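*Asks:* Input: one structure, supplied below.
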Amino acid sequence: METVILAVVIAVVVLGALGGLVVGSRRKKPLPPPPTSVPDITAPPAEPHIGDEAETPRDEARRTIEEVDLPDGSAPVAVEEPPAPEVPVLEVPEPTAGRLVRLRARLSRSQNALGQGLLTLLSREHLDEDTWEEIEETLLTADVGVAPTQELVDALRERVKVLGTRTPQELRALLREELLKLVGTDVDRTVKTEPEDRKPGIVMVVGVNGTGKTTTTGKLARVLVADGRTVVLGAADTFRAAAADQLQTWGERVGAHTVRGPEAGDPASVAFDAVKEGKEMGVDVVLIDTAGRLHTKTGLMDELGKVKRVVEKHAPLDEVLLVLDATTGQNGLVQARVFAEVVDITGIVLTKLDGTAKGGIVVAVQRELGVPVKLIGLGEGADDLAPFEPEAFVDALIGD
């Protein structure tokens, strides 16, 4: 027991000694000296400046708040809305009935040389061989053609011999009758656009560049709209710059939809799509404007044949109208001959029949192709395309 008490006493003494050593060592460490003065507080270093800010500040004139223009509290300025796109105003085409009668005066001014020349020659007291040769020359100069000229001269010779005395009225009636025989009054000149078994009617317009083909297509659309038909235009002339734009402008004037493709694209695909859309829209007529092909280029003429074949996958063509410039005379007949070999021409449109044109081309081209002149263009006006009326045309040739 005494041993345990002794061990406890020794442990207490050792712990006390160790605690004294620790406290003593802490007291020996010196404290930091007290501050001698209050430290100066300085502003943080200024940020570096560049350019104009690095320069020494300069005194500048400054405006007070009284000198500054402030908003007066009036209503805010309204921002103008962008103008809405203009909707094209639809035009009302002139009715087709009597168009050629209305234009007879213009036609007679330009064609009067033929009729008046013949009447003057036939009015001579003695019709010798020289006079008949002059009559032949007058007809040939007017592009009537060799065979028709010979037929007309032979008929006039016979009729004048039987008639004997010739008054101006008798001569005029005689000449009118023989010219009507040449032009033809018993031919169907209707532009076929209303097939009985289907819709729409399909019309393809062909011709050489410069004949007014695209313009004629647009004017024909006006003629059809004036007669109460609905029309889709196919801009298959993809080779001539702006041809599609030109045709679309014509269509917008009368509310006709225009189907077009990319420039220099496939004309046959445009024609195919035009007929397809025309059927889907339920319109009455689809007019297809083809490229103004050079009739001497075989490849281009083959392309025209392709357009015809592709269109006929939908339905047969009801009309193939050949547009000819009436001022080209015999050159126009050459063009007509080549086009007729590629596509089956069913009708002729003679443009520029006013001015310097020669009326005899009507007879010559009909004889050449065996198809009738169905439409004639008598001017630059939008409604100057008229159905061809033989009686009105002959009356304009010989005058009243």
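*Asks:* From the list 207, 212, 164, 218, which residue is on the phi < 0 side of the Ramachandran plot, open to solvent by less than 40 Å² (accessible area, probe 1.4 Å) and of a type in the set (Gly, Ala, Ser)?
*Replies:* Answer to the selection: 218.
*Asks:* I would also like to ask the following. Going through the range 203-230 one residue at a time, which ones are out of contact with any Phe, Trp or Tyr (no Cβ under 9 Å at 6 or more places or on another chain), over 23 Å from residue 262 (Cβ atoms) and not in a loop (DSSP other than H, G, I, E, B)? Working first, answer last.
*Replies:* Restricting attention to the range 203-230, the residues satisfying the condition of being out of contact with any Phe, Trp or Tyr (no Cβ under 9 Å at 6 or more places or on another chain) are 203-205, 209-213, 216, 220, 223-230.
Subset that is over 23 Å from residue 262 (Cβ atoms): 203, 210-212, 216, 220, 223-230.
203, 216, 220, 223, 224, 225, 226, listed by residue number.
*Asks:* Which numbered condition trips up residue 359, out of (1) touching a residue at least 60 places away in the same chain (Cβ under 8 Å); (2) assigned to a loop (DSSP other than H, G, I, E, B); (3) surrounded by fewer than 20 Cβ atoms within 10 Å (Cβ to Cβ); (4) of a type outside the set (Ser, Thr, Tyr)?
*Replies:* For residue 359, the exception is condition (3).
*Asks:* Now, a different point. Given the residues 307, 286, 254, 275, which is the only one that is touching a helix residue (DSSP H, G or I) at 6+ places or on another chain (Cβ under 8 Å), farther than 26 Å from residue 91 by Cα, touching a residue at least 60 places away in the same chain (Cβ under 8 Å) and open to solvent by less than 60 Å² (accessible area, probe 1.4 Å)?
*Replies:* 307
*Asks:* Something else about it: Step by step: first the residues of the range 167-181, then only those that are under 45 Å from the mean Cα position of the chain (by Cα) and free of Cβ contacts under 8 Å to residues at least 60 places away in the same chain, then the one that is surrounded by the most Cβ atoms within 10 Å (Cβ to Cβ). Which residue is that? Please lay out each step first, then the result.
*Replies:* Of the range 167-181, the ones under 45 Å from the mean Cα position of the chain (by Cα) are 175-181.
After this cut, where a residue has to be free of Cβ contacts under 8 Å to residues at least 60 places away in the same chain as well, the list is 177-178, 181.
Numbers: 177: 12, 178: 19, 181: 16.
The residue in question is 178.
*Asks:* Okay, moving on. Of the conditions (1) within 24 Å of residue 360 (Cβ to Cβ); (2) assigned to a helix (DSSP H, G or I); (3) of a type in the set (Val, Ile, Thr), residue 162 fails just one. Which one is it?
*Replies:* (1)
*Asks:* Pull up the range 316-353, narrow it to residues that are of a type in the set (D, E, K, R) and over 25 Å from the mean Cα position of the chain (by Cα), then point me to the one that is nearest to residue 117 (Cα to Cα).
*Replies:* Result: 337.
*Asks:* Scan (1) within 18 Å of the chain's Cα centre (by Cα); (2) under 16 Å from residue 213 (Cβ atoms); (3) modelled with pLDDT under 95 for the single condition residue 268 breaks and write down its number.
*Replies:* So the condition that residue 268 fails would be (2).
*Asks:* Among the residues of the range 213-226, are any more than 25 Å from residue 368 (Cα to Cα) and without any contact (Cβ under 8 Å) to a residue 12 or more places away in the chain?
*Replies:* No: the range 213-226 contains no residue that is more than 25 Å from residue 368 (Cα to Cα) and without any contact (Cβ under 8 Å) to a residue 12 or more places away in the chain.
*Asks:* Does residue 131 fit the bill of being of a type in the set (Val, Ile, Thr) and either more than 14 Å from residue 179 (Cβ to Cβ) or assigned to a loop (DSSP other than H, G, I, E, B) (or both)?
*Replies:* Here the answer is yes, as residue 131 does meet what is asked.
*Asks:* Sort through 96, 190 and tell me the only one that's at pLDDT 85 or above, of a type outside the set (A, V, I, L, M, F, W, C) and under 30 Å from residue 251 (Cα atoms).
*Replies:* Numbers: 96 fails: at pLDDT 85 or above.
Just one listed residue meets the conditions, 190.
The values are calculated or read from the model by the stated rules, or taken from the named source; none is laboratory data. Since we're looking at a predicted model, the values are computed, not measured. Note: ideal-geometry Cβ built from the backbone for every residue, glycine included; neighbour counts use all protein chains shown. Ligands, DNA and RNA are excluded from the accessible area calculation, which covers all protein heavy atoms including side chains. Shrake-Rupley method; radii C 1.70, N 1.55, O 1.52, S 1.80 Å.
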